[in-house]
Amino acid sequence: MPGWDITRLRSKTTRISLLAVFLIAAGLCLFLPAWSQQSAEPNHLAPSESKAPAPQQDHQDKSQPDDQGVYVLRKNVDEVMLHATVVDDKQRIVTTLDRNAFTVFEDGKPQSIISFHHVDIPVAMGIVIDNSGSMREKRNKVNQAALNLVRSSNPQDEVFVVNFNDEQYLDQDFTNDLRKLKEALEKIDARGGTALYDAVVASGDHLKRDARLEKKVIFVVTDGEDNASSETLEQAVKQLQEENGPSIYAIGILGDEEHPKRAKKALQILADRTGGIAFFPKTLDEVDAISKTIANDIRNQYAIGYKPTNPKVAGGFRQIRVEAKAKGHSKLIVRTKSGYYAKTQTASSASR
């Protein structure tokens with residue numbers, strides 16, 4: 001699986017700076033008293049799954065604000081959480097439904113909904129931008145659209161930036177500081193090929209391993225077909241569909257692409273299987289408006305939790321379908337992930 005490699009940092013100066021920081025930190029550890037476990041950084045949010053459940057969890061709604069007023073999603077270890085967008089027959093987002101409007105199916109069998117809410121929950125988001133040679137003239141407008149996506153999103157979102165060509169570079173780790181995100185996006189070194197699948201898989205792995213928020217999204221922009229990844233499309237989809245994986249929102253700027261049909265199909269599959277959307281603008285000028293549409297979509301989703309009738313310990317891939325019906329709507333379409341690979345739990349993890 002692709003990942004972040006310290007040897008991929010962009011200059012010797014950066015590596016020397018990191019070494020200096022490490023040595024200074026090591027020196028401080030020798031002379032300063034140890035910090036207690038309770039003295040965490042003020043902006044640190046513990047992972048939602050690691051928090052101890054309240055004595056009597058309300059199955060109607062497990063989300064509640066933390067000490068900083070941020071809505072945090074809490075769920076049981078045996079619960080599957082879906083983030084779903086509902087649109088009507090005119091593709092307008094519907095935000096007024098209650099839990100009785102929804103029916104969840106796993107492998108064709110109806111499931112009992114044990115938690116439900118519709119609030120603007122902060123997300124952990126990876127902004128993954130193509131930095132191959134063909135993107136050189138497009139990056140300024142794409143960067144502006146990415147920043148406007150962040151501006152239109154929940155202020156409590158935690159965002160990182162990955163620029164990729166033949167390899168992927170984590171140019172800014174999780175932050176909500178627009179200045180830092182802008183600096184990372186401006187690290188333009190447009191050259192080489194397009195290792196899209198490797199970049200998306202590495203970003204998804206970073207979200208699953210290091211994100212402090214339960215809801216996860218990858219926003220990816222590319223102008224071409226993958227031609228440099230070690231991962232295949234099928235392998236990438238499988239890894240993204242692991243339990244608690246991210247939703248993919250993709251923008252394909254494919255007007256001049258030699259094989260636009262294959263490139264478009266790949267982005268469509270990545271988005272459809274994970275509950276996101278793929279957009280294919282006719283011109284570069286449309287990208288900014290699309291980024292704001294994506295922010296609106298993410299902020300207006302329903303969080304639906306259910307306990308599978310087939311226990312997770314059985315493992316395997318589970319197909320998901322969600323239906324919604326409500327008075328006043330002739331047809332409602334629910335968009336969420338098409339399935340997931342259940343994590344098998346050890347006895348120790350299940351007892352936590």
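Laboratory data are not the source of any read-out in this text; all were calculated from the coordinates shown. Since this is a predicted model, take the numbers as computed values, not measurements. For neighbour counting, all protein chains shown are included, and Cβ atoms are generated from backbone atoms with ideal geometry for every residue, glycine included.
Basic side chains Lys and Arg get +1 at the Cβ, acidic Asp and Glu get -1 at the Cβ, and with that the dipole of the stretch 124-299 about its Cα centre reaches some 480 debye.
The mean sequence separation of alpha-carbon pairs under 8 Å and at least six residues apart, normalised by the residue count of the stretch 124-299, gives a relative contact order of 26 percent. Rounded to the nearest Hz, the phi-derived 3J(HN,Hα) couplings of the stretch 328-333 under the Karplus curve 6.51 cos²θ - 1.76 cosθ + 1.60 (θ = phi - 60°) are x, 10, 6, 8, 10, 10, where x marks glycine and proline.
Which whole-Hz couplings ³J(HN,Hα) result when phi for each residue of the stretch 121-136 is put into the Karplus expression 6.51 cos²θ - 1.76 cosθ + 1.60, θ = phi - 60°, listed in order with x for Gly and Pro? Values per residue, Gly and Pro as x: 8, x, 10, 8, 10, x, 9, 10, 10, 4, 10, 6, x, 6, 8, 3 Hz.
The Cα atoms of the stretch 227-352 define a convex hull whose projected area, averaged across directions, is 11.4 nm². With K and R counted +1 and D and E -1, the other residues having a Cβ less than 12 Å from that of Val142 yield a net charge of -3.
Distance from the C-alpha centroid of the stretch 161-226 to that of the stretch 285-303: 18 Å, rounded to the whole angstrom. Can you bin the stretch 159-214 into rounded, prolate or oblate? Criterion: square roots of the alpha carbon gyration tensor eigenvalues sorted a ≥ b ≥ c, rounded for a/c under 1.5, prolate for a/b above b/c, oblate for the rest. Because a/c hits 1.5 or more and a/b fails to exceed b/c, the stretch 159-214 counts as oblate. The antiparallel fraction among DSSP beta bridges confined to the stretch 124-299 stands at about 20%.
Taking the empirical scaling 2.2 N^0.38 Å for compact globular proteins as reference, the stretch 245-294 has a Cα radius of gyration ratio of 1.12. For the stretch 124-299, rounded, prolate or oblate, judged on the Cα gyration tensor with a ≥ b ≥ c (square roots of eigenvalues), a/c < 1.5 rounded, else prolate if a/b > b/c? Rounded, since a/c falls under 1.5. Label-point separation (nm) for Asp285 and Asn300, each offset 7 Å from Cα along Cα-to-Cβ? Spacing of the two 7 Å Cα→Cβ label points: 2.5 nm. In the stretch 108-151, a dipole from Cβ-located charges (positive for Lys and Arg, negative for Asp and Glu) runs towards its positive end, and of His118, Gly108, Val128 it is Val128 whose Cα lies farthest in that direction. Residues within the reach of a label modelled at Leu178 (point 7 angstrom out along Cα to beta-carbon, backbone nitrogen below 14 Å), restricted to the stretch 128-161, are 144-157.
Residue exposure proxy: Thr232, Thr103, ordered by other Cβ atoms within 10 angstrom of their Cβ from fewest to most, comes out as Thr232, Thr103.
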